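Read through the structure below, which is laid out as structure tokens, and then see the notes.
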Amino acid sequence: MSKELTCFKAYDVRGELGLNLNGDICYRIGRAYAEVMESKTVIIGRDVRKSSPELSKCFSEGLMDNGVKVLDIGIAGTEEVYWATTHFNACGGIMITASHNPISFNGIKMVKSESRPLETNEFLMIKKTAENNTFPILKNRGKVVDIFYESKDTYVDKLFEFIDTNLLPKLNVVINGGNGALGPTFDLFEEKLQKKSKNLKFFKYQHNPDSNFPNGIPNPLIKENHQFNKNLVISKNADLGIAFDGDFDRCFFFDENGNFVPGEYIVGLLAEIFLLKEPGSKIIHDSRVIWNIKDVVENHSGYSLVSKTGHAFIKKSMRDNNAIYGGEMSAHHYFREFAYCDSGMIPWLLIIELMGRKEKKLSELVKDRQQKFPSSGEINFTIKNPVKMTEKVLKYFQDQYLYYDYFDGLSVVFEDWRFNLRISNTEPLVRLNLETKKNLDLLNHRIKKLTKILMSEQS
């Protein structure tokens, strides 16, 4: 019986080096991917981790031993792999990255032609085939072609299709790359931007890729990192700050005062600018926090549709509905004209254009939305029996709510507030999101009440 590869998770491959992920495993997954997907040409890119070049090489060897032509884009963001897969009409795309995970980890993100997520059955078949580790010997071995510069060039050119550079205001912008993969790509973008508009002045920090991550693994979502980014914005008297994770498929916003802007409000702002550009468009968003987004979309003559959380669900819903944009509060933003894929570069460019269109600071754009629909942000609770506790919460409010559903976790709706509880697939955690209508006091009161309920029986 073949040994299970525990690095296969729900949507991608993630593992600890030397424990459940190494070069041999990457080689086997490469061969399995090529065999299951019947690939002829595959894009491969990697982040800046010390292990990524070796893992990328091993994966490529597996592809080539199955006769695949490998187009190597080198150090890149995950979205560069997605874009290259579609642009070069490849059969699939591979990104070697562990994003914001600890330094001892690495992983693999895989898509198929047109940058579509793998179907569950395809993913499981790749896992099974790699575990079996029985592959035919082929006479016609594939080869690797380096397309680093060509790929970056076409990707950066694509970014400019999303914005009107004539509408970009004069701003000072702090860019924190976290010593991840961002630097080379951003520099090329800045070079091309200067030929179109000189209104944006960038202050770049932790810009050069560094596999040692001297400033820690780049994860701007962690509250401990907020203060550092706030200080950067204030020290440079900047108009906003943008911080990225390691493979820069997510960006995080700090206003001119250095305050972190929660992701659910960014989704609303991005929905707004797309509807200003293309009125009547469809917007997809997740179910955790919805009132602000629905209000923005309705006020701009658009159509909002709720999807389950997760990139595969969002992307499918966007394709099924021809939606122009999809957003999650976790800072994943998806774009129809970007092969329905997520990007960390497109969102901040659009937000800056919106600031120019409305002649407002970022704090001004967000303040009104926060006052109208205050939200808690995601609060995690460690729960011994998450299912039982979720049922207990619903029972507690049974005579008070208007309605509830289990579309994506438990969503319970009242006249002037609502909450969503989602159980983690991998940990004994319950994730709470709560929102109200123009009532911050009610928000805080309900957070305390739900915290008390959820933490009961845990001592």
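The values are calculated or read from the model by the stated rules, or taken from the named source; none is laboratory data. Remember, it's a predicted structure, so these values are computed and weren't measured experimentally. Don't worry about glycine lacking a Cβ; one is built from the backbone with ideal geometry, like all the others, and counts go over all protein chains shown.
Hey, does the range 126-142 have a residue that's in the same structural domain as Lys40 (by TED's automatic domain parsing) and among the small types (Gly, Ala, Ser)?
Yes - at least one qualifying residue is present in the range 126-142.
Yes/no per residue for (1) among the aromatic types (Phe, Trp, Tyr); (2) under 23 Å from Lys69 (Cα atoms); (3) exposed (fewer than 15 other Cβ atoms within 10 Å of the Cβ):
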position	(1), (2), (3)
Pro102	no, no, yes
Phe105	yes, no, no
Thr120	no, no, yes
Lys127	no, yes, no
Asn140	no, yes, yes
Lys143	no, yes, yes
Asp146	no, yes, yes
Asp157	no, no, yes
Phe162	yes, no, no
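May I ask you to say which residue of Glu150, Glu190 is closer than 30 Å to Phe88 by Cα, in contact with a strand residue (DSSP E or B) (Cβ under 7 Å, 6 or more places away or on another chain) and free of Cβ contacts under 8 Å to residues at least 24 places away in the same chain?
Glu190
Have a look at Phe407, Phe338 and point out the one that is exposed (fewer than 15 other Cβ atoms within 10 Å of the Cβ), within 23 Å of the chain's Cα centre (by Cα) and touching a residue at least 24 places away in the same chain (Cβ under 8 Å).
Exactly one of Phe407, Phe338 is exposed (fewer than 15 other Cβ atoms within 10 Å of the Cβ), within 23 Å of the chain's Cα centre (by Cα) and touching a residue at least 24 places away in the same chain (Cβ under 8 Å), namely Phe407.
Residue-wise test of (1) in the same structural domain as Lys448 (by TED's automatic domain parsing); (2) closer than 17 Å to Leu442 by Cα; (3) not aromatic (Phe, Trp, Tyr).
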site	(1), (2), (3)
Lys361	no, no, yes
Glu364	no, no, yes
Asp368	no, no, yes
Phe373	no, yes, no
Pro386	yes, no, yes
Thr390	yes, no, yes
Asp399	yes, no, yes
Asp405	yes, no, yes
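Does Leu193 fit the bill of being at pLDDT 95 or above, within 28 Å of Phe419 (Cα to Cα), buried (at least 17 other Cβ atoms within 10 Å of the Cβ) and not charged (D, E, K, R)? Walk me through how you get there before you give the answer.
Numbers: at pLDDT 95 or above: yes; within 28 Å of Phe419 (Cα to Cα): no; buried (at least 17 other Cβ atoms within 10 Å of the Cβ): yes; not charged (D, E, K, R): yes.
So Leu193 does not fit the description; no.
Can you list the helices (runs of 4 or more DSSP H) found entirely within the range 285-366 that contain at least 3 residues being touching a strand residue (DSSP E or B) at 6+ places or on another chain (Cβ under 7 Å), under 21 Å from Ile242 (Cβ atoms) and modelled with pLDDT of 95 or more?
346-358
Name the single residue that is nearest to Val296 (Cα to Cα) among those in the range 410-459 being over 29 Å from the mean Cα position of the chain (by Cα) and among the hydrophobic types (A, V, I, L, M, F, W, C).
Phe414
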